[in-house]
Structures are given as structure tokens and as C-alpha cells.
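Step one of this worksheet: look at the structure below.
The values are calculated or read from the model by the stated rules, or taken from the named source; none is laboratory data. Worth saying up front: this structure is predicted, and the values here are computed from it rather than measured. Neighbour counts are summed over all protein chains in view; Cβ atoms, including those assigned to glycine, are modelled from backbone coordinates with ideal geometry. The area values use the complete protein model at the heavy-atom level, side chains included, leaving out ligands, DNA and RNA. Shrake-Rupley method; radii C 1.70, N 1.55, O 1.52, S 1.80 Å.
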Amino acid sequence: HQFGTFVPLFRTHGQTPFRELWNIAPETHPAYKTMLYYTQLRYRLMPYIYTLAGMSHFNDFTIMRALMMDFESDKNVLNIGDQYMFGKELMICPVYKYQARTREVYFPKQTGWYNLYDGKYTAGGQKQTVDAPYDRMPIYVAAGSILPIGKVIQNTTQAQTDLTVYVYAGKNGSFTLYEDENVNYNYEKDAYATIEFSYNDQDKTLSIANRKGSFNGMVKERNFQVVLVDSSNPVALDNTPKEMKTVHYNGSKTTISLK
């Protein structure tokens, strides 16, 4: 279930044995708790994942990416088959050995890496044996990433209004948020919108460009709660950050300082 959260399709099929979470374990069981956590994480990441899907359609993008696709100059990644990128921002490190509670992770040298869960920083270009507790699979965010995260939703028909935008310092970065009507093919008729986020690491500013495009039901005004994560300021994903700036966005470009 942890691994399944970070593949393009996230579904459970079958009738027997029953596969719903509540058929697998009681709510107090660690198995139930971790499956619930990753199901909710999948839907919190929907603004990010939906953007990746849009990129796959419009830009021939690949959502699951062997490390060599993004770090081809690092010869150490050429034979790594048990880590991969999910988009260009998240490095997924599945745990596949029975009862393993640690695993070795290689951190590509072109960038620094942040633990998704607690925000702690690891420099690139090294191997480490990292914790892999029963309830958490190791996941790392590349420096320079901009990660839009919404609230827990049940399906894509629920509009993601306000978003928390995590900015991972150490490199310049950009991310273009993609949105459409969610439930039809009108994006093929140009019914979609994009918002480009750009981060300048030297002066610690985030620029949000003019929104391009439109579609029926589009959220025209919203708040972006921006969180800067850097090596001296780790931020846990599941805690409300103490240091964040709220930007009211109405489709017009704006720049904010994250210092």
C-alpha cells in the first residue's frame, strides 16, 4: 500500500478476499493506520499528482522515473533498480524485504535531499542506511522542489481551494500547477489552467506568475500558504508549520520573500 501510493494508478480491485482497509485490520492495528495514512497522503498530494498527469498528456512526461532519467551524469545511479523518482521532486525508496526496518538509500549527487516526513536534510552523493519503520516508507524531496499539497479529499470532484506550497531550499526551482474540470475530456478543447511557481534560492523569493487559461468551475481566488524548508529549518509534513506566509492569489502575478 505504501508503494502503491506512488504509482500512477492507485486502486484496489477484487471481490474475494475483500480488500477494503477495514476488512484487512481493525482501526487500532498498525497495518490499518499506515494504509489510512498513505491513502490520505495520496489525496493530499492530488494537486501535485494531477499536475504530473497533465504533464504526461501535454508534454510526454513520465510520472515514474528511473534515477538515470533525472541524474544521468551521476554514474552511481545507473544500476539502482529499487529507488525511483515520482515526478522530478520525490524520490521513492520502497521497502521490499520481509521484516526490514532499515534500508540502504543512495542520494544522487546533483542536489540535496529532504526527508518528506520530518524535513531533515541529507547532502547528495552518498549512501546511507536509513530508518524504514513499519508505518513509513523512506521518501525524499529534492532541493529546489516546489510541492503543492491540499487537504484530504475523497475524489477529484472536490475542489482544492487553499493549498500549502512547500518550497525546499538549496537550489532554484519551478513547478507549474495544472488544473482542469477533473471529470471529462474538455482539456482536449483547451479547458484548463496553469500557474507557474518559481523559486530563487539566492534571495529566497517565490514568484507566482499570471494564471494562464481557464475552465468552468475554476477556483479564481485562493490562498497559498507558503512554507520554506531548508537545512537549518526542517519542517515536518504532518505538523502545521510555525513559519509560513499566506498569499491571496487572484490570478495576477506576485512575488513574496521567504526570508
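Of these, Phe18, Phe58, Phe6, which one is aromatic (Phe, Trp, Tyr) and within 18 Å of Pro133 (Cα to Cα)?
Phe6
How many residues are in contact with a Pro (Cβ under 6 Å, 6 or more places away or on another chain) and open to solvent by 90 Å² or more (accessible area, probe 1.4 Å) if we restrict to the range 210-259? Can you show your working first?
Initial filter on the range 210-259 (in contact with a Pro (Cβ under 6 Å, 6 or more places away or on another chain)): 227, 235.
If we keep only those that are open to solvent by 90 Å² or more (accessible area, probe 1.4 Å) too, we end up with none.
Total meeting the criteria: 0.
Select, from Tyr32, Tyr37, Tyr43, the only residue that is under 14 Å from the mean Cα position of the chain (by Cα) and either open to solvent by 50 Å² or more (accessible area, probe 1.4 Å) or at negative phi (or both).
Tyr43
Can you name the residue in the range 197-218 that is part of a strand (DSSP E or B) and of a type in the set (S, T, N, Q) and is also farthest from Thr161 (Cα to Cα) among such residues?
The residue in question is Asn200.
Test of understanding: among Arg103, Arg136, which residue is under 25 Å from Arg42 (Cβ atoms), at pLDDT 95 or above, open to solvent by 20 Å² or more (accessible area, probe 1.4 Å) and in a strand (DSSP E or B)? First the steps, then the outcome.
On the way: Arg136 fails: in a strand (DSSP E or B).
Being under 25 Å from Arg42 (Cβ atoms), at pLDDT 95 or above, open to solvent by 20 Å² or more (accessible area, probe 1.4 Å) and in a strand (DSSP E or B) holds for just one of Arg103, Arg136, which is Arg103.
Being closer than 21 Å to Tyr199 by Cα, touching an Asp or Glu at 6+ places or on another chain (Cβ under 9 Å) and assigned to a loop (DSSP other than H, G, I, E, B) is the requirement here; does Lys109 meet it?
Yes; evaluated as a whole, the condition is true for this residue.
Within the set of pairs 6+ apart or on separate chains, which have a first residue in the range 155-171 that is over 16 Å from Ser207 (Cβ atoms) and open to solvent by 50 Å² or more (accessible area, probe 1.4 Å), a second that is modelled with pLDDT of 85 or more and in a strand (DSSP E or B), and C-beta atoms under 6 Å apart?
Every condition considered, the pairs that remain are Thr161/Arg222; Asp162/Arg222; Asp162/Asn223.
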